[in-house]
1. Can you go through B:Ala338, B:Ala334, B:Ala298, B:Ala283 and tell me which one is open to solvent by less than 10 Å² (accessible area, probe 1.4 Å), within 13 Å of chain A (Cβ to nearest Cβ) and modelled with pLDDT of 95 or more?
2. Would you confirm whether any residue within region A:388-397 is more than 22 Å from A:Gly291 (Cβ to Cβ), touching a residue at least 12 places away in the same chain (Cβ under 8 Å), among the aromatic types (Phe, Trp, Tyr) and open to solvent by 10 Å² or more (accessible area, probe 1.4 Å)?
3. With respect to A:Ile12, is the statement that it is in contact with a Ser or Thr (Cβ under 9 Å, 6 or more places away or on another chain), in a helix (DSSP H, G or I) and facing chain B (nearest Cβ under 8 Å) true?
4. Since B:Asn227 meets every condition but one in (1) out of contact with any Leu (no Cβ under 8 Å at 6 or more places or on another chain); (2) within 12 Å of chain A (Cβ to nearest Cβ), which condition does it not meet?
5. Quickly run through region A:47-61 and pick out the residues that are touching a residue at least 40 places away in the same chain (Cβ under 8 Å) and more than 15 Å from A:Val36 (Cα to Cα).
6. Looking only at region B:246-258, decide whether some residue is free of Cβ contacts under 8 Å to residues at least 12 places away in the same chain, within 14 Å of chain A (Cβ to nearest Cβ) and either open to solvent by less than 30 Å² (accessible area, probe 1.4 Å) or among the basic types (Lys, Arg) (or both).
7. Say we look at region A:199-230 and pick out the residues that are free of Cβ contacts under 8 Å to residues at least 24 places away in the same chain and assigned to a helix (DSSP H, G or I); which of these is least open to solvent (accessible area, probe 1.4 Å)?
8. Take region B:56-81 and flag every residue that is within 12 Å of chain A (Cβ to nearest Cβ) and open to solvent by 50 Å² or more (accessible area, probe 1.4 Å).
There are 2 protein chains.
Amino acid sequence: MRAEIIAVGTEILLGEITNTTTPFVAHELADLGIDVYYQSVVGDNAKRLTAAIKLADSRSDLIILTGGLGPTKDDLTKQTLAAYLKEPLVVDQPAMAHIEAYYKRTQRPMTQNNRLQAMLPANSTPLNNPVGMAVGALYQADTRTYMLLPGPPSELEAMFIDSARPLLAKKYHQANVLTSRVLRFHGIGESALVTKLADLIDQQTNPTIAPYAKANEVTIRLTAEANEQTQAKQMLDHLENQVQQRVGAYFYGYGEHNSLEKVVVGLLAKRGLTITAAESLTAGMFQSMIGNVSGASAVFSGGYVTYSLAEKAHLLEIDPAYLQQHGVVSEATAIAMAQQAKKLQKTDIGVAFTGVAGPDTLEGQPAGTVYIGIAYRDQKPFARQFNFSRSRNLIRQQSALTGFDLVYHQLQADQK
Amino acid sequence: MRAEIIAVGTEILLGEITNTTTPFVAHELADLGIDVYYQSVVGDNAKRLTAAIKLADSRSDLIILTGGLGPTKDDLTKQTLAAYLKEPLVVDQPAMAHIEAYYKRTQRPMTQNNRLQAMLPANSTPLNNPVGMAVGALYQADTRTYMLLPGPPSELEAMFIDSARPLLAKKYHQANVLTSRVLRFHGIGESALVTKLADLIDQQTNPTIAPYAKANEVTIRLTAEANEQTQAKQMLDHLENQVQQRVGAYFYGYGEHNSLEKVVVGLLAKRGLTITAAESLTAGMFQSMIGNVSGASAVFSGGYVTYSLAEKAHLLEIDPAYLQQHGVVSEATAIAMAQQAKKLQKTDIGVAFTGVAGPDTLEGQPAGTVYIGIAYRDQKPFARQFNFSRSRNLIRQQSALTGFDLVYHQLQADQK
């Protein structure tokens, strides 16, 4: 079973966007035990796309085409594949109803080319698009399987997980059970994590260990192959135990679709605790990440963005003389901000962020110098200093995420 | 002149790492006026790599191979290309000296396969690696040019900019000047924009028009080819004029690396105006986006995250009875929030967000129902209702971005 992924889009060829959908699909296929032998990118050009499909046909069993399902003239993947397969394009009624409902609801005019998004080659199995307009398709020829997936990562990922993956899992059913477990880590880099697990990774055959560096975190996926589920689970438990002994201090949760903020908001809700924040350099990012989590209102009512010294004094009722004496980028200020936010919002936890996002220095401190303050229940409030690096926005993102990390560790310590 | 990029690495095929070097090279080549027609990925397998080189040979003039120059058993790009070209591998003395010095300096033992990193196909021009060990190479055959670049992004980028780019610029010196201009639009979808520009796009030859859908916005790139800069600029001016006549209402700025928040913060700073916000469903995202912009402190001191009804009343000093009477998801509440935020923060502009992020309904209103309130200087405050769609987080992102859009249009109207 050889799979091949063809990403279609001139904007990828020109390097205007980074192709993140191919790695996603490749990763998912690997997880299903399907080998990807080739990946390629072609522009929005019917002739070259046809040549790419023909080449794929000559060497691969499963051919996945991503992108070019949209409504514009550039989008010709579906039409090109249909022509190649000698199938007409037909309307998928549920997809058409979905598009019509969208335009009705949003009171925007629907154009003729929007209808194209609901069409697919005849004799295909439609793949539902839960977050966008363009329907996907699975087409089974005699010896080859073709799949059409949309280009935008959010659409492709949702469609793949909801519809495509179950179909492929069923189709390429393995004699053995493949079971995976994803462990998530924050506060350790990929190379440091890999170094600590080097001998385990070297010895890996079954289960396997695959580390992945993500934005500001690292995940590892353990995959066991066994005759049946119970045995695979035991193998994973055994390996995870070895992993946790070495890097458990950085572990925060399980699952491919998880995040540190989700874990923290979940823990807070479970324990009936509430949280607020006072944010300077992060300017609302930490609170916005709380708001990302569905059900956040159980633990979060509101908080403060205090970008200037004056607003740290005004909104948080801190003596401006105190702020001037210690400096806004200081341990004392971070502690005072966290304490006052907690007190004024009457929450169990207050988190504060103050520091230098850059590019310029502030109070003589370099960009990346950040203090995060934590006021946790009736414990003594504290602040920790960090020296983050890279761009302004990455410094702010690392700050916000580290805020969740500190809260997570407080919650863990409190449990013990 | 057709270029093709082949990335070598099983870890890319398996989706374990995202291929960021191909987009980098593609973007650089586009900038040099060199057209990339194909991109592909092959694993660390000599047979399949040879087939990929052979295929590239049949259709491309410039063939760039990235990755697989390292010291491990997996790394076979250089050996495979050399065998294909029927050239022996020879030592590049400066690269070897560099490697030997590194191992001497770090007092680490140097292995035989480290020496391999200093070798390249005979008759190549070596490309210096300023940040790593592996030397790159440019090989000129009769009608084809081959380039070997390292896989790690930091090494590839440094080598490309220092050595490869100057060589290519010299080699493929264009007689004509290629000049691009990127226009950015918010509040119109890609398909609607393309419909309005359909005839211009159809007629496109020189200059060309290329639309791209980005997250919550659309850009179009106009590219003119001319004998010299002034003429190209005139061609772009003429075409942009036609574009602006049709979709100028959605235009907000120029440039590949720009954003609506950057334009708005820039305009505010220029006019000496200040801004604040009260955020419910966006929970700080709008303010965090202000904080993304370097120099935001000139226009922004702080603001409010009021997630619950109680905090809308408490922090913004709004009568809770008023909020209960109108509902938190209402025009009246959005206006009151904007007004009070502006008043309490003594700013020129107050922006408020209240609505249903979902997935559940709120006050009987469906997810995506959002009111954005604007209190602008001494004008009558107002709120607009929106019905956004898709996931919780996309609804929140669209809300925050639309806040900037409303402020942008206020600023534009105020100027006139």
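The values are calculated or read from the model by the stated rules, or taken from the named source; none is laboratory data. Being a predicted model, the structure only gives us computed values, none of them experimental. Positions of Cβ are backbone-derived with ideal geometry, glycine not excepted, and every protein chain shown enters the neighbour counts. Side chains included, ligands, DNA and RNA excluded: accessible areas come from the protein's heavy atoms. Shrake-Rupley method; radii C 1.70, N 1.55, O 1.52, S 1.80 Å.
1. Sole residue among the options that is open to solvent by less than 10 Å² (accessible area, probe 1.4 Å), within 13 Å of chain A (Cβ to nearest Cβ) and modelled with pLDDT of 95 or more: B:Ala283.
2. Yes, region A:388-397 contains at least one residue that is more than 22 Å from A:Gly291 (Cβ to Cβ), touching a residue at least 12 places away in the same chain (Cβ under 8 Å), among the aromatic types (Phe, Trp, Tyr) and open to solvent by 10 Å² or more (accessible area, probe 1.4 Å).
3. yes
4. (2)
5. Residues of region A:47-61 that are touching a residue at least 40 places away in the same chain (Cβ under 8 Å), as a first pass: A:49, A:52-53, A:56-57, A:59-61.
A:Leu49, A:Ala52, A:Ile53, listed by residue number.
6. Within region B:246-258, not a single residue is free of Cβ contacts under 8 Å to residues at least 12 places away in the same chain, within 14 Å of chain A (Cβ to nearest Cβ) and either open to solvent by less than 30 Å² (accessible area, probe 1.4 Å) or among the basic types (Lys, Arg) (or both).
7. A:Ile201
8. If the condition is that a residue be within 12 Å of chain A (Cβ to nearest Cβ) and open to solvent by 50 Å² or more (accessible area, probe 1.4 Å), then B:Ser58, B:Arg59 are the ones that fit.
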